[in-house]
Every structure is written in C-alpha cells, then in structure tokens.
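S.K.: Before we start, here is the structure in question, set down as structure tokens.
Read-outs: derived from the displayed coordinates by stated rules, not from any lab. Keep in mind the model is a prediction, meaning the values are calculated, not measured. Cβ coordinates were reconstructed from backbone atoms using ideal geometry, including for glycine residues, and neighbour counts include every protein chain displayed.
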Amino acid sequence: MTPFSTLTEYQHDVLTETINIGFGRAAASLSVLVNQKVVLDVPHISVLSINDLSSAMNSMYSDLAAVEQQFSGGIQGDVVLIMDLDIASVFIDLLSGGPGISRPLTFSDREALLEVGNILLNAYIGSFGNLMKTQVNVSVPMLHMHSLDKLFAGIRDEGNSPFVLLVKTKFLLNNGSVVGHVALIIESYSLDSLFLSLQVVSLSE
C-alpha cells in the first residue's frame, strides 16, 4: 500500500490543487517568456517507489531530456522534469513559435530547456513550500540526456528515500502540445511532513 492510498478524497483534492497552483504560475511565466499562451493541463498524480518508477517509465523513455533540481529546507529531495528527447525538441520548437518539428537539440535549445525547467520546477516546489509554510531552497538546474536508470541511480546514491510523487502533465501551446512527467523524489520524513500538512489543511476546513 502506498502512502497516497491513505489520503482522503479531500486531501487528494488539496494536493491536486496545490500542484495546479504551481503549474498555473509556471504557465503564466512561460507565456510571458515566449509571448504566446502556454497552458499546463490538469495533472494525473501517483505516489510510488523509485524502483517502481523506473520499471513503469522505462518503456516510455529510452532517450530522454531531463531537468533536475535539488531542494532543501522544510522538505528536501530532488525534482525532475522528464521528457522524451524527441518530444523535448518538439517542445522547444513550439515554444519558439514553430510548427513542432523534431531536431537535434542545439546549445541554445538546451539552454532554453533548462530555463523552462527552472521556471516550472521552482513554481512547483514553491507551491509545496507555501502549503507547508516552510522555506524551500532550490539548486541550479542540471540537464541530463541519458537513460532513466542512470538518472535515478545518481539520485539514489544521494541517500534519498524511494518515494516519488509523479505528475503526468500536458503542455498546450498555440501550434500543438507535448506530454511530460514531473517527479518529486523526497525522503520519507519529507513525505510524512507533506501528508501531515494535508491533514492540517483538512482539519482546518
């Protein structure tokens, strides 16, 4: 049984709304940055172990582009925006106003992907910090372009607990859309603190 299965329907709704707030802020910032409307679709959320995550996602991602940031403070861990490599290049083309053509990522494309990831992940983590009424410090983003197993092996080596809050989301732009995942990888005490915050919000209503 995952910790997620112990949430009440109301707590699930609070968690979903918290994520939607972060994604909404990110979409607004991206819209200003690229001078077109960007919408992040309502996410699908699940909680699973990092081993289960690798098994579930390896079939979806062989070559990937992932933006990772570490965070610390009231909660700590890693947060990662994960996209298929071809999808990431389509995404960057769409953000620049193009028709959504897949191409090898140039240096400027990679810099753009890092900036997009930085905006999204900071807003995402910030929404949890606001929910938990705690300060969260976020590191400089890093771009990974290798296998999912290699990415998560590096995170495991940092000693984090294998709990992952996984969000599937869709970026909607003027000329098309792309799908990606955001994985929040947190230590067990951080997950407990998050769920306790959901309980407090539930009791206060």
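S.K.: When each pair of different Cα atoms in the range 12-68 is counted once in the 1/r mean, what is the Kirkwood radius in angstroms, to one decimal?
M.R.: On the way: mean 1/r = 0.0728 Å⁻¹.
Roughly 13.7 Å, rounded to one decimal.
S.K.: Continuing with this model, one more query. Could you give the radius of gyration (one decimal) and Dmax (whole number) of the Cα atoms in the range 34-119, in Å?
M.R.: 14.6, 42
S.K.: Count the net charge of all other residues whose Cβ sits under 12 Å from the Cβ of ALA65, scoring Lys and Arg as +1 and Asp and Glu as -1. Intermediate results must be reported in sequence, preceding the final value.
M.R.: Numbers: positive: ARG110; negative: ASP63, GLU68, ASP84, ASP86, ASP109.
Combined, the nearby Lys, Arg, Asp and Glu give -4.
S.K.: Quick one: helix 107-132 against the long Cα principal axis of the chain, what's the angle to the nearest 10°, folded into 0 to 90?
M.R.: For 107-132 against the chain, the angle is about 20 degrees.
S.K.: Specify, per residue and in Å³, the volume enclosed by the convex hull of the alpha carbon atoms belonging to the range 101-150. Could you put the intermediate results ahead of the total?
M.R.: Values: hull volume 5.9 nm³, N = 50.
Cα-based convex hull of the range 101-150, divided per residue, equals 118 Å³.
S.K.: Here's another thing I want to ask about it. If the cut-off is a Cα-Cα distance under 26 Å, which lysines reach LYS133, setting aside same-chain residues fewer than 8 apart in sequence?
M.R.: Partners found: LYS168.
S.K.: Mind telling me which of SER72, SER29, SER127 comes out most flexible in a GNM of the chain, alpha-carbon contacts under 10 Å?
M.R.: The residue that fluctuates most here is SER72.
S.K.: Further, regarding this structure: Give me Rg over Rh for the chain, both radii from the alpha carbons and Rh done the Kirkwood way, two decimal places.
M.R.: Working: Rg = 16.4 Å, Rh = 17.2 Å.
Across the chain, the Cα-based Rg/Rh ratio is 0.95.
S.K.: Would you mind telling me which residue in ALA88, ALA153, ALA66 has the biggest mean-square fluctuation in a Gaussian network model of the chain, where springs connect alpha carbons within a distance under 10 angstrom?
M.R.: Judging by the Gaussian network model, the answer is ALA153.
S.K.: Something else now. Report, in degrees rounded to the nearest 10, the 0 to 90 angle that the Cα long axis of helix 9-34 makes with the longest principal axis of the chain.
M.R.: It is inclined by approximately 30 degrees.
S.K.: Taking the chain as a Gaussian network, where each spring joins two C-alpha atoms under 10 Å apart, which residue of PHE91, PHE107, PHE195 fluctuates the most?
M.R.: PHE107
S.K.: Also, quick follow-up: Within the set of other residues whose C-beta is less than 11 Å from the C-beta of ILE186, count the net charge using Lys and Arg as +1 and Asp and Glu as -1. Before the final figure, lay out each step's value.
M.R.: Working: positive: none; negative: ASP78, GLU187, ASP192.
Its environment carries a net charge of -3.
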